[in-house]
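The values are calculated or read from the model by the stated rules, or taken from the named source; none is laboratory data. Quick caveat, the model's predicted, so the values are computed rather than measured. Positions of Cβ are backbone-derived with ideal geometry, glycine not excepted, and every protein chain shown enters the neighbour counts. For the accessible areas, the whole protein counts, side chains as well, though only heavy atoms, and no ligand, DNA or RNA atoms are used. Shrake-Rupley method; radii C 1.70, N 1.55, O 1.52, S 1.80 Å.
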Amino acid sequence: MAVLGSAACVTMIMATSATAATTLGASAAERGRYFGAAVAASKLSDTAYVTILNREFNSVTPENEMKIDATEPNQNQFNYTNADRIVSHARSRGMQVRGHTLAWHSQQPGWMQSMSGTALRSAMLNHVTQVATHFRGQVVAWDVVNEAFADGSSGARRDSNLQRTGNDWIEAAFRAARAADPGAKLCYNDYNTDDWTHAKTQAVYRLVQDFKQRGVPIDCVGLQSHFNSGSPYPSNYRTTLSSFAALGVDVQITELDIEGAPAATYRNVVADCLAVARCNGITTWGVRDSDSWRASQNPLLFDGGGNKKPAYDAVLAALNVGPTTAPTTPPTTVPTTPPTTPPTTPPTTAPTSGPGGCTATVSVNQWTGGFVATVRITAGSSGTNGWRVNLTLASGATITNAWNANRSGNTGAVQFTNVSYNGQIAAGQSTEFGFQANGTGSGLTPPAPPPDRSPPRPPDSSAGRAASFGDHAGGGWSRPCCVPC
(Lines give C-alpha, C1' and ligand atoms only; values in the text may rest on other atoms or scores of the structure.)
Protein backbone atom coordinates (compact mmCIF):
# COMPACT_ATOMS: atom_id res chain seq x y z
CA MET A 1 0.00 0.00 0.00
CA ALA A 2 1.33 3.45 -0.89
CA VAL A 3 0.36 6.99 0.06
CA LEU A 4 0.90 9.50 -2.74
CA GLY A 5 2.39 12.65 -1.21
CA SER A 6 0.20 15.64 -0.41
CA ALA A 7 -2.71 14.21 -2.32
CA ALA A 8 -3.03 11.58 0.42
CA CYS A 9 -4.55 9.26 -2.15
CA VAL A 10 -4.16 5.57 -1.30
CA THR A 11 -3.81 3.02 -4.07
CA MET A 12 -3.38 -0.71 -3.96
CA ILE A 13 -1.30 -2.93 -6.20
CA MET A 14 -3.63 -5.70 -7.28
CA ALA A 15 -2.39 -9.28 -7.08
CA THR A 16 -3.50 -11.98 -9.50
CA SER A 17 -6.28 -14.04 -8.00
CA ALA A 18 -5.20 -17.50 -6.96
CA THR A 19 -8.65 -18.74 -7.96
CA ALA A 20 -8.67 -17.33 -11.49
CA ALA A 21 -10.72 -19.49 -13.85
CA THR A 22 -8.73 -21.69 -16.22
CA THR A 23 -11.21 -22.04 -19.09
CA LEU A 24 -12.99 -19.53 -21.31
CA GLY A 25 -16.53 -20.51 -20.37
CA ALA A 26 -15.84 -20.64 -16.63
CA SER A 27 -14.18 -17.23 -16.61
CA ALA A 28 -16.96 -15.68 -18.71
CA ALA A 29 -19.57 -17.17 -16.37
CA GLU A 30 -17.89 -15.46 -13.42
CA ARG A 31 -18.45 -12.20 -15.30
CA GLY A 32 -22.13 -12.94 -15.88
CA ARG A 33 -21.50 -13.76 -19.53
CA TYR A 34 -21.03 -16.69 -21.88
CA PHE A 35 -18.16 -17.66 -24.18
CA GLY A 36 -19.30 -19.92 -26.98
CA ALA A 37 -18.37 -21.52 -30.28
CA ALA A 38 -20.14 -22.36 -33.51
CA VAL A 39 -20.52 -26.12 -33.69
CA ALA A 40 -20.99 -28.54 -36.59
CA ALA A 41 -22.93 -31.74 -35.92
CA SER A 42 -20.50 -33.73 -38.06
CA LYS A 43 -17.66 -32.77 -35.70
CA LEU A 44 -19.33 -34.28 -32.63
CA SER A 45 -17.73 -37.62 -33.51
CA ASP A 46 -14.26 -36.01 -33.42
CA THR A 47 -12.87 -36.75 -29.96
CA ALA A 48 -10.28 -33.96 -29.97
CA TYR A 49 -12.89 -31.43 -31.12
CA VAL A 50 -15.43 -32.48 -28.50
CA THR A 51 -12.80 -32.44 -25.75
CA ILE A 52 -12.04 -28.77 -26.43
CA LEU A 53 -15.71 -27.91 -26.85
CA ASN A 54 -16.75 -29.50 -23.56
CA ARG A 55 -13.82 -28.09 -21.61
CA GLU A 56 -13.72 -24.51 -22.84
CA PHE A 57 -17.16 -23.27 -23.84
CA ASN A 58 -20.47 -22.67 -22.08
CA SER A 59 -22.53 -21.77 -25.15
CA VAL A 60 -22.94 -23.21 -28.65
CA THR A 61 -24.40 -21.97 -31.92
CA PRO A 62 -25.21 -24.52 -34.64
CA GLU A 63 -23.11 -23.45 -37.60
CA ASN A 64 -25.49 -24.55 -40.37
CA GLU A 65 -27.91 -27.03 -38.84
CA MET A 66 -30.66 -24.53 -37.95
CA LYS A 67 -30.57 -22.59 -41.20
CA ILE A 68 -33.53 -22.70 -43.56
CA ASP A 69 -32.18 -25.22 -46.04
CA ALA A 70 -31.27 -27.61 -43.22
CA THR A 71 -34.50 -27.42 -41.24
CA GLU A 72 -37.06 -27.18 -44.08
CA PRO A 73 -35.47 -28.80 -47.16
CA ASN A 74 -38.93 -29.26 -48.69
CA GLN A 75 -41.86 -26.98 -47.99
CA ASN A 76 -43.66 -28.02 -44.81
CA GLN A 77 -41.32 -31.00 -44.35
CA PHE A 78 -39.06 -30.20 -41.41
CA ASN A 79 -35.86 -31.97 -40.45
CA TYR A 80 -34.31 -31.26 -37.04
CA THR A 81 -32.03 -34.30 -36.69
CA ASN A 82 -28.66 -32.56 -36.78
CA ALA A 83 -29.84 -29.47 -34.93
CA ASP A 84 -31.38 -31.64 -32.20
CA ARG A 85 -28.08 -33.49 -31.88
CA ILE A 86 -26.20 -30.26 -31.18
CA VAL A 87 -28.85 -28.98 -28.79
CA SER A 88 -28.90 -32.26 -26.88
CA HIS A 89 -25.11 -32.33 -26.60
CA ALA A 90 -25.00 -28.77 -25.30
CA ARG A 91 -27.87 -28.96 -22.85
CA SER A 92 -26.71 -32.27 -21.38
CA ARG A 93 -23.47 -30.51 -20.42
CA GLY A 94 -25.01 -27.35 -19.05
CA MET A 95 -24.24 -25.22 -22.10
CA GLN A 96 -26.71 -22.72 -23.48
CA VAL A 97 -27.74 -22.66 -27.14
CA ARG A 98 -28.08 -19.72 -29.52
CA GLY A 99 -30.40 -20.34 -32.47
CA HIS A 100 -29.11 -19.31 -35.91
CA THR A 101 -31.02 -18.29 -38.03
CA LEU A 102 -34.78 -18.10 -38.73
CA ALA A 103 -35.03 -15.69 -41.69
CA TRP A 104 -32.22 -15.02 -44.16
CA HIS A 105 -31.82 -14.25 -47.84
CA SER A 106 -29.08 -16.89 -48.14
CA GLN A 107 -29.04 -20.67 -47.74
CA GLN A 108 -32.68 -20.85 -48.71
CA PRO A 109 -33.82 -24.19 -50.13
CA GLY A 110 -34.68 -24.22 -53.81
CA TRP A 111 -38.43 -24.19 -53.19
CA MET A 112 -38.15 -20.94 -51.23
CA GLN A 113 -35.77 -19.29 -53.70
CA SER A 114 -38.40 -19.62 -56.42
CA MET A 115 -41.15 -17.96 -54.36
CA SER A 116 -42.15 -14.32 -54.11
CA GLY A 117 -44.82 -11.98 -52.83
CA THR A 118 -47.56 -13.13 -50.48
CA ALA A 119 -46.70 -16.80 -50.88
CA LEU A 120 -43.10 -16.20 -49.81
CA ARG A 121 -44.17 -14.03 -46.88
CA SER A 122 -46.51 -16.75 -45.63
CA ALA A 123 -43.87 -19.44 -46.10
CA MET A 124 -41.27 -17.37 -44.23
CA LEU A 125 -43.60 -16.76 -41.30
CA ASN A 126 -44.58 -20.42 -41.19
CA HIS A 127 -40.90 -21.39 -41.12
CA VAL A 128 -40.17 -18.98 -38.26
CA THR A 129 -43.14 -20.26 -36.31
CA GLN A 130 -42.48 -23.95 -36.82
CA VAL A 131 -38.73 -23.87 -36.06
CA ALA A 132 -38.99 -21.53 -33.07
CA THR A 133 -41.83 -23.66 -31.68
CA HIS A 134 -39.82 -26.87 -32.07
CA PHE A 135 -36.93 -25.46 -30.02
CA ARG A 136 -39.07 -23.51 -27.54
CA GLY A 137 -37.50 -23.65 -24.09
CA GLN A 138 -34.21 -25.04 -25.43
CA VAL A 139 -32.73 -21.95 -27.12
CA VAL A 140 -31.87 -18.85 -25.07
CA ALA A 141 -31.61 -16.47 -28.03
CA TRP A 142 -32.49 -16.48 -31.72
CA ASP A 143 -30.85 -14.67 -34.61
CA VAL A 144 -34.33 -14.02 -35.96
CA VAL A 145 -33.21 -12.08 -39.03
CA ASN A 146 -29.74 -12.26 -40.53
CA GLU A 147 -27.92 -9.80 -42.80
CA ALA A 148 -30.86 -7.72 -44.05
CA PHE A 149 -28.87 -4.55 -44.82
CA ALA A 150 -26.72 -3.81 -47.86
CA ASP A 151 -23.00 -3.12 -47.75
CA GLY A 152 -21.67 0.23 -48.85
CA SER A 153 -22.55 3.80 -48.01
CA SER A 154 -26.29 3.80 -48.74
CA GLY A 155 -27.57 2.40 -45.45
CA ALA A 156 -30.31 0.72 -47.49
CA ARG A 157 -31.94 -2.66 -47.06
CA ARG A 158 -30.45 -5.55 -49.04
CA ASP A 159 -32.41 -6.31 -52.21
CA SER A 160 -33.64 -9.84 -51.59
CA ASN A 161 -36.74 -11.91 -52.24
CA LEU A 162 -37.73 -11.39 -48.59
CA GLN A 163 -37.28 -7.61 -48.81
CA ARG A 164 -39.45 -7.53 -51.92
CA THR A 165 -42.37 -8.96 -49.93
CA GLY A 166 -42.59 -5.59 -48.17
CA ASN A 167 -40.47 -3.39 -45.91
CA ASP A 168 -42.21 -4.75 -42.81
CA TRP A 169 -40.88 -8.29 -43.31
CA ILE A 170 -38.29 -7.97 -40.53
CA GLU A 171 -40.91 -6.76 -38.06
CA ALA A 172 -43.24 -9.57 -39.10
CA ALA A 173 -40.49 -12.15 -38.50
CA PHE A 174 -39.76 -10.81 -35.02
CA ARG A 175 -43.43 -10.80 -34.04
CA ALA A 176 -43.83 -14.38 -35.26
CA ALA A 177 -40.76 -15.47 -33.31
CA ARG A 178 -42.03 -13.88 -30.11
CA ALA A 179 -45.39 -15.61 -30.47
CA ALA A 180 -43.69 -18.97 -31.07
CA ASP A 181 -41.08 -18.74 -28.30
CA PRO A 182 -41.89 -16.02 -25.74
CA GLY A 183 -38.98 -17.00 -23.50
CA ALA A 184 -36.13 -16.60 -26.00
CA LYS A 185 -34.27 -13.36 -26.63
CA LEU A 186 -34.77 -12.14 -30.18
CA CYS A 187 -31.73 -10.74 -32.02
CA TYR A 188 -30.94 -8.99 -35.26
CA ASN A 189 -27.58 -10.26 -36.59
CA ASP A 190 -25.29 -8.79 -39.26
CA TYR A 191 -21.67 -8.36 -40.43
CA ASN A 192 -19.69 -5.18 -41.13
CA THR A 193 -21.61 -3.41 -38.39
CA ASP A 194 -18.60 -3.09 -36.09
CA ASP A 195 -17.46 0.42 -37.07
CA TRP A 196 -19.77 3.01 -35.58
CA THR A 197 -19.23 5.48 -38.44
CA HIS A 198 -20.34 3.07 -41.18
CA ALA A 199 -23.68 3.66 -42.86
CA LYS A 200 -24.66 0.02 -42.40
CA THR A 201 -24.09 0.25 -38.64
CA GLN A 202 -26.18 3.41 -38.44
CA ALA A 203 -28.96 1.78 -40.46
CA VAL A 204 -29.14 -1.16 -38.06
CA TYR A 205 -29.11 1.29 -35.14
CA ARG A 206 -32.12 3.13 -36.59
CA LEU A 207 -33.97 -0.17 -37.12
CA VAL A 208 -33.45 -1.20 -33.50
CA GLN A 209 -34.35 2.26 -32.23
CA ASP A 210 -37.55 2.24 -34.28
CA PHE A 211 -38.50 -1.23 -33.02
CA LYS A 212 -37.93 -0.21 -29.39
CA GLN A 213 -39.98 2.95 -29.80
CA ARG A 214 -42.91 1.12 -31.42
CA GLY A 215 -42.87 -1.93 -29.18
CA VAL A 216 -41.72 -4.41 -31.82
CA PRO A 217 -40.16 -7.30 -29.87
CA ILE A 218 -36.36 -7.12 -30.11
CA ASP A 219 -34.00 -7.99 -27.28
CA CYS A 220 -30.50 -8.06 -28.72
CA VAL A 221 -28.19 -7.14 -31.58
CA GLY A 222 -25.55 -9.55 -32.88
CA LEU A 223 -22.28 -8.28 -34.31
CA GLN A 224 -20.63 -11.00 -36.37
CA SER A 225 -17.17 -9.37 -36.13
CA HIS A 226 -15.34 -11.28 -38.84
CA PHE A 227 -12.14 -9.22 -38.79
CA ASN A 228 -9.47 -9.36 -41.49
CA SER A 229 -7.19 -7.03 -43.44
CA GLY A 230 -10.09 -5.77 -45.51
CA SER A 231 -12.40 -5.31 -42.53
CA PRO A 232 -10.18 -4.70 -39.50
CA TYR A 233 -11.10 -4.29 -35.84
CA PRO A 234 -12.13 -0.63 -35.52
CA SER A 235 -10.88 1.68 -32.77
CA ASN A 236 -14.49 2.72 -32.06
CA TYR A 237 -15.75 -0.85 -31.55
CA ARG A 238 -16.57 -0.16 -27.91
CA THR A 239 -18.59 2.88 -28.95
CA THR A 240 -20.65 0.66 -31.24
CA LEU A 241 -21.33 -1.83 -28.45
CA SER A 242 -22.27 0.83 -25.91
CA SER A 243 -24.43 2.79 -28.36
CA PHE A 244 -26.57 -0.23 -29.19
CA ALA A 245 -26.74 -1.13 -25.50
CA ALA A 246 -28.01 2.34 -24.70
CA LEU A 247 -31.12 1.55 -26.76
CA GLY A 248 -32.07 -1.01 -24.12
CA VAL A 249 -31.00 -4.19 -25.93
CA ASP A 250 -28.31 -6.76 -25.21
CA VAL A 251 -25.28 -6.86 -27.49
CA GLN A 252 -23.70 -10.17 -28.46
CA ILE A 253 -20.54 -10.84 -30.47
CA THR A 254 -21.89 -13.74 -32.45
CA GLU A 255 -19.36 -14.97 -35.04
CA LEU A 256 -15.93 -13.75 -33.96
CA ASP A 257 -12.84 -14.74 -35.93
CA ILE A 258 -9.76 -12.60 -36.64
CA GLU A 259 -7.31 -13.19 -39.48
CA GLY A 260 -4.04 -14.45 -38.05
CA ALA A 261 -5.54 -14.51 -34.53
CA PRO A 262 -3.49 -11.56 -33.19
CA ALA A 263 -3.47 -11.78 -29.41
CA ALA A 264 -3.75 -8.01 -28.90
CA THR A 265 -6.85 -7.71 -31.09
CA TYR A 266 -8.58 -10.65 -29.44
CA ARG A 267 -7.75 -9.10 -26.06
CA ASN A 268 -9.22 -5.75 -27.15
CA VAL A 269 -12.45 -7.32 -28.37
CA VAL A 270 -12.97 -9.12 -25.06
CA ALA A 271 -12.09 -6.03 -23.03
CA ASP A 272 -14.55 -3.97 -25.07
CA CYS A 273 -17.33 -6.46 -24.41
CA LEU A 274 -16.58 -6.65 -20.69
CA ALA A 275 -16.65 -2.86 -20.47
CA VAL A 276 -20.25 -2.69 -21.74
CA ALA A 277 -22.79 -3.96 -19.23
CA ARG A 278 -25.18 -5.34 -21.83
CA CYS A 279 -22.54 -7.08 -23.95
CA ASN A 280 -23.40 -10.45 -22.46
CA GLY A 281 -21.50 -12.94 -24.59
CA ILE A 282 -18.97 -13.83 -27.27
CA THR A 283 -19.06 -16.70 -29.76
CA THR A 284 -16.11 -17.68 -31.97
CA TRP A 285 -17.10 -19.05 -35.36
CA GLY A 286 -15.60 -22.47 -34.90
CA VAL A 287 -13.34 -24.25 -32.44
CA ARG A 288 -10.02 -24.93 -34.21
CA ASP A 289 -8.46 -23.20 -37.21
CA SER A 290 -9.06 -26.35 -39.25
CA ASP A 291 -12.80 -26.11 -38.48
CA SER A 292 -13.09 -22.50 -39.61
CA TRP A 293 -14.82 -21.38 -42.79
CA ARG A 294 -11.65 -19.25 -43.22
CA ALA A 295 -9.18 -22.01 -42.32
CA SER A 296 -6.37 -20.57 -44.46
CA GLN A 297 -6.39 -17.41 -42.32
CA ASN A 298 -5.90 -19.30 -39.02
CA PRO A 299 -8.40 -17.02 -37.28
CA LEU A 300 -9.38 -18.93 -34.12
CA LEU A 301 -8.05 -19.56 -30.61
CA PHE A 302 -6.93 -23.16 -31.21
CA ASP A 303 -4.71 -24.37 -34.03
CA GLY A 304 -5.54 -27.34 -36.23
CA GLY A 305 -3.98 -29.70 -33.70
CA GLY A 306 -6.18 -28.35 -30.92
CA ASN A 307 -3.34 -26.46 -29.20
CA LYS A 308 -4.01 -23.18 -27.44
CA LYS A 309 -2.62 -20.19 -29.35
CA PRO A 310 -1.29 -16.95 -27.82
CA ALA A 311 -4.68 -15.42 -28.60
CA TYR A 312 -6.29 -17.95 -26.27
CA ASP A 313 -4.03 -16.85 -23.41
CA ALA A 314 -4.84 -13.20 -24.14
CA VAL A 315 -8.59 -13.86 -24.12
CA LEU A 316 -8.48 -15.84 -20.88
CA ALA A 317 -6.36 -13.16 -19.21
CA ALA A 318 -8.78 -10.44 -20.34
CA LEU A 319 -11.74 -12.42 -19.02
CA ASN A 320 -10.04 -13.03 -15.69
CA VAL A 321 -9.45 -9.32 -15.01
CA GLY A 322 -12.96 -8.30 -16.03
CA PRO A 323 -15.78 -7.34 -13.64
CA THR A 324 -17.02 -10.24 -11.54
CA THR A 325 -20.70 -9.43 -11.99
CA ALA A 326 -22.81 -7.57 -14.49
CA PRO A 327 -25.01 -4.64 -13.42
CA THR A 328 -28.61 -5.55 -12.68
CA THR A 329 -30.03 -2.23 -13.89
CA PRO A 330 -28.74 -1.66 -17.43
CA PRO A 331 -29.74 1.48 -19.34
CA THR A 332 -33.16 1.38 -20.95
CA THR A 333 -33.81 4.94 -22.15
CA VAL A 334 -34.08 5.24 -25.92
CA PRO A 335 -32.73 8.34 -27.70
CA THR A 336 -35.47 10.36 -29.34
CA THR A 337 -33.62 10.90 -32.62
CA PRO A 338 -31.12 8.58 -34.30
CA PRO A 339 -27.68 9.87 -35.27
CA THR A 340 -27.57 11.48 -38.69
CA THR A 341 -23.82 12.04 -38.74
CA PRO A 342 -20.91 9.92 -37.54
CA PRO A 343 -20.18 10.22 -33.82
CA THR A 344 -17.51 12.43 -32.38
CA THR A 345 -14.06 10.95 -32.84
CA PRO A 346 -12.53 9.71 -29.56
CA PRO A 347 -9.90 12.12 -28.24
CA THR A 348 -6.49 11.96 -29.80
CA THR A 349 -4.85 14.16 -27.19
CA ALA A 350 -3.19 12.72 -24.12
CA PRO A 351 -5.69 11.72 -21.41
CA THR A 352 -5.95 13.72 -18.23
CA SER A 353 -4.04 12.22 -15.33
CA GLY A 354 -4.96 12.33 -11.67
CA PRO A 355 -2.74 11.41 -8.73
CA GLY A 356 -1.29 7.92 -8.81
CA GLY A 357 -1.24 7.78 -12.60
CA CYS A 358 -4.96 7.06 -13.08
CA THR A 359 -6.10 8.37 -16.47
CA ALA A 360 -9.45 8.89 -18.17
CA THR A 361 -10.50 9.40 -21.77
CA VAL A 362 -13.96 10.00 -23.21
CA SER A 363 -15.68 9.41 -26.54
CA VAL A 364 -19.03 10.93 -27.46
CA ASN A 365 -21.72 9.65 -29.81
CA GLN A 366 -23.82 12.75 -30.56
CA TRP A 367 -27.14 12.92 -32.38
CA THR A 368 -29.76 15.64 -32.64
CA GLY A 369 -31.04 16.20 -29.11
CA GLY A 370 -28.85 13.77 -27.21
CA PHE A 371 -25.65 11.79 -26.85
CA VAL A 372 -23.97 8.80 -25.25
CA ALA A 373 -20.60 9.33 -23.56
CA THR A 374 -18.22 6.44 -22.87
CA VAL A 375 -15.46 7.04 -20.32
CA ARG A 376 -12.47 4.71 -20.08
CA ILE A 377 -10.41 4.72 -16.87
CA THR A 378 -6.94 3.21 -16.96
CA ALA A 379 -4.91 2.53 -13.83
CA GLY A 380 -1.28 3.60 -13.63
CA SER A 381 1.60 1.67 -12.14
CA SER A 382 -0.05 1.37 -8.72
CA GLY A 383 -3.52 0.11 -9.62
CA THR A 384 -6.65 1.44 -7.89
CA ASN A 385 -8.89 0.43 -5.04
CA GLY A 386 -11.68 2.80 -6.09
CA TRP A 387 -11.99 5.84 -8.34
CA ARG A 388 -14.06 8.94 -9.00
CA VAL A 389 -14.49 11.11 -12.07
CA ASN A 390 -15.76 14.69 -12.01
CA LEU A 391 -17.02 16.45 -15.13
CA THR A 392 -19.19 19.39 -16.05
CA LEU A 393 -21.92 19.00 -18.62
CA ALA A 394 -22.66 21.65 -21.21
CA SER A 395 -25.47 24.06 -20.36
CA GLY A 396 -28.84 22.40 -20.85
CA ALA A 397 -27.51 18.84 -20.93
CA THR A 398 -29.24 16.38 -18.58
CA ILE A 399 -28.20 12.80 -17.84
CA THR A 400 -31.06 10.32 -18.28
CA ASN A 401 -29.25 7.13 -17.27
CA ALA A 402 -25.79 5.76 -16.57
CA TRP A 403 -24.17 2.33 -16.33
CA ASN A 404 -21.11 0.82 -14.67
CA ALA A 405 -20.87 3.75 -12.23
CA ASN A 406 -22.70 5.54 -9.43
CA ARG A 407 -23.39 9.19 -10.10
CA SER A 408 -24.17 12.31 -8.09
CA GLY A 409 -26.24 14.81 -10.05
CA ASN A 410 -27.74 14.93 -13.53
CA THR A 411 -26.82 18.44 -14.73
CA GLY A 412 -23.90 20.81 -14.42
CA ALA A 413 -21.08 19.40 -12.28
CA VAL A 414 -21.54 15.64 -11.96
CA GLN A 415 -19.42 13.11 -10.08
CA PHE A 416 -19.14 9.44 -11.00
CA THR A 417 -17.72 6.79 -8.66
CA ASN A 418 -17.02 3.12 -9.07
CA VAL A 419 -19.59 0.43 -8.35
CA SER A 420 -18.77 -2.71 -6.40
CA TYR A 421 -17.35 -4.73 -9.28
CA ASN A 422 -15.07 -2.20 -11.04
CA GLY A 423 -13.33 -0.16 -8.35
CA GLN A 424 -10.25 -2.36 -8.24
CA ILE A 425 -8.24 -1.96 -11.45
CA ALA A 426 -4.91 -3.70 -11.75
CA ALA A 427 -1.89 -1.71 -12.92
CA GLY A 428 -2.20 -0.89 -16.61
CA GLN A 429 -5.73 -2.30 -16.87
CA SER A 430 -8.90 -0.40 -17.75
CA THR A 431 -12.58 -0.23 -16.98
CA GLU A 432 -15.34 1.77 -18.60
CA PHE A 433 -18.57 3.48 -17.65
CA GLY A 434 -21.03 5.43 -19.71
CA PHE A 435 -24.04 7.65 -19.59
CA GLN A 436 -26.77 8.91 -21.86
CA ALA A 437 -27.97 12.49 -21.81
CA ASN A 438 -30.23 14.94 -23.55
CA GLY A 439 -28.60 18.01 -25.06
CA THR A 440 -25.05 18.34 -26.34
CA GLY A 441 -21.91 16.47 -25.35
CA SER A 442 -19.59 19.17 -26.67
CA GLY A 443 -16.54 19.93 -24.59
CA LEU A 444 -16.32 16.56 -22.85
CA THR A 445 -12.88 15.76 -24.28
CA PRO A 446 -10.75 16.06 -21.15
CA PRO A 447 -8.45 19.08 -20.82
CA ALA A 448 -4.99 19.00 -19.29
CA PRO A 449 -4.35 18.27 -15.60
CA PRO A 450 -3.62 21.23 -13.31
CA PRO A 451 -0.04 22.55 -13.32
CA ASP A 452 0.69 21.29 -9.79
CA ARG A 453 -0.03 17.65 -10.79
CA SER A 454 1.67 17.29 -14.17
CA PRO A 455 2.88 19.52 -17.05
CA PRO A 456 0.06 21.22 -18.99
CA ARG A 457 -0.52 20.25 -22.61
CA PRO A 458 -1.13 22.63 -25.54
CA PRO A 459 -4.53 24.25 -26.10
CA ASP A 460 -7.25 21.88 -27.27
CA SER A 461 -7.74 23.23 -30.77
CA SER A 462 -10.52 20.73 -31.53
CA ALA A 463 -12.65 22.26 -28.80
CA GLY A 464 -11.72 25.83 -29.77
CA ARG A 465 -10.54 26.78 -26.30
CA ALA A 466 -7.50 26.63 -24.10
CA ALA A 467 -7.05 23.48 -22.08
CA SER A 468 -7.31 24.20 -18.39
CA PHE A 469 -8.92 22.88 -15.26
CA GLY A 470 -12.07 24.15 -13.64
CA ASP A 471 -15.64 24.40 -14.86
CA HIS A 472 -16.26 25.25 -18.52
CA ALA A 473 -19.39 26.80 -19.92
CA GLY A 474 -19.25 24.43 -22.85
CA GLY A 475 -18.85 21.36 -20.65
CA GLY A 476 -15.68 19.63 -19.54
CA TRP A 477 -13.79 18.03 -16.72
CA SER A 478 -13.61 19.67 -13.29
CA ARG A 479 -11.03 18.83 -10.62
CA PRO A 480 -8.86 15.77 -11.32
CA CYS A 481 -10.56 13.81 -14.08
CA CYS A 482 -9.71 10.51 -12.46
CA VAL A 483 -8.80 10.16 -8.81
CA PRO A 484 -7.88 6.72 -7.48
CA CYS A 485 -8.67 6.35 -3.82
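Conditions tested, residue by residue: (1) at pLDDT below 50; (2) surrounded by 15 or more Cβ atoms within 10 Å (Cβ to Cβ); (3) among the hydroxyl-bearing types (Ser, Thr, Tyr); (4) not in a loop (DSSP other than H, G, I, E, B).
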| position | (1), (2), (3), (4) |
| --- | --- |
| Ile399 | no, yes, no, yes |
| Arg407 | no, yes, no, yes |
| Asn422 | no, yes, no, no |
| Gly434 | no, yes, no, yes |
| Gly441 | no, yes, no, no |
| Pro447 | yes, yes, no, no |
| His472 | yes, yes, no, no |
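Evaluate the range 22-35: report whether one residue or more is assigned to a helix (DSSP H, G or I), at negative phi, modelled with pLDDT of 95 or more and charged (D, E, K, R). The answer is no; no qualifying residue exists.
Being modelled with pLDDT of 80 or more, touching a strand residue (DSSP E or B) at 6+ places or on another chain (Cβ under 7 Å), among the polar types (S, T, N, Q) and crowded, with 18+ Cβ neighbours inside 10 Å is a description that applies to Thr392.
Taking residues in the range 100-122 that are within 18 Å of Thr61 (Cα to Cα) and aliphatic (A, V, I, L, M), and partners anywhere that are at pLDDT below 95 and open to solvent by 50 Å² or more (accessible area, probe 1.4 Å), not one pair has Cβ atoms closer than 6 Å while being at least 6 places apart or on different chains. Checked against (1) in contact with a helix residue (DSSP H, G or I) (Cβ under 7 Å, 6 or more places away or on another chain); (2) among the charged types (D, E, K, R); (3) not in a loop (DSSP other than H, G, I, E, B), Asp194 passes all but a single condition, namely (3). Within the range 112-154, the set of residues being outside any helix (DSSP H, G or I), among the hydrophobic types (A, V, I, L, M, F, W, C) and more than 30 Å from Thr201 (Cβ to Cβ) comprises Met115 only. Applying the set (1) closer than 23 Å to His226 by Cβ; (2) touching a Leu at 6+ places or on another chain (Cβ under 7 Å); (3) open to solvent by 60 Å² or more (accessible area, probe 1.4 Å) to Val144 leaves exactly one unmet item: (3). Check the range 81-93 and report whether any residue there is over 28 Å from the mean Cα position of the chain (by Cα), more than 23 Å from Trp293 (Cβ to Cβ) and not in a helix (DSSP H, G or I). The answer is no, given that none of the residues of the range 81-93 is over 28 Å from the mean Cα position of the chain (by Cα), more than 23 Å from Trp293 (Cβ to Cβ) and not in a helix (DSSP H, G or I).
Of everything listed in (1) open to solvent by less than 50 Å² (accessible area, probe 1.4 Å); (2) closer than 30 Å to Ala295 by Cβ, the single unmet condition for Ser229 is (1). Looking at Ser296, Ser292, just one residue is touching a strand residue (DSSP E or B) at 6+ places or on another chain (Cβ under 9 Å) and free of Cβ contacts under 8 Å to residues at least 40 places away in the same chain, and that residue is Ser292.
Here's the yes/no breakdown for (1) aromatic (Phe, Trp, Tyr); (2) open to solvent by 50 Å² or more (accessible area, probe 1.4 Å); (3) closer than 22 Å to Leu256 by Cβ; (4) not assigned by the TED database to the domain that holds Glu171:
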site: Ser59; (1), (2), (3), (4): no, no, yes, no
site: Ala70; (1), (2), (3), (4): no, no, no, no
site: Arg85; (1), (2), (3), (4): no, yes, no, no
site: Trp111; (1), (2), (3), (4): yes, no, no, no
site: Thr133; (1), (2), (3), (4): no, yes, no, no
site: Ala150; (1), (2), (3), (4): no, no, no, no
site: Asn161; (1), (2), (3), (4): no, no, no, no
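Just to be sure, is Gly137 surrounded by fewer than 18 Cβ atoms within 10 Å (Cβ to Cβ), among the small types (Gly, Ala, Ser), in contact (Cβ under 8 Å) with a residue 40 or more places away in the chain and in contact with a Gly (Cβ under 8 Å, 6 or more places away or on another chain)? Yes; evaluated as a whole, the condition is true for this residue. Taken over the range 257-287, residues that are open to solvent by less than 20 Å² (accessible area, probe 1.4 Å) and either more than 26 Å from Cys187 (Cα to Cα) or free of Cβ contacts under 8 Å to residues at least 24 places away in the same chain (or both) amount to 1.
Quick check on my filter: what residues within the range 170-196 are of a type outside the set (A, V, I, L, M), out of contact with any Asp or Glu (no Cβ under 8 Å at 6 or more places or on another chain) and crowded, with 22+ Cβ neighbours inside 10 Å? Working first, answer last.
Step one: filter the range 170-196 for residues of a type outside the set (A, V, I, L, M), giving 171, 174-175, 178, 181-183, 185, 187-196.
Among the residues that remain, those that are also out of contact with any Asp or Glu (no Cβ under 8 Å at 6 or more places or on another chain) are: 171, 174-175, 178, 181-183, 193-196.
Residues satisfying the conditions are Phe174, Asp181, Thr193, Asp194, Trp196.
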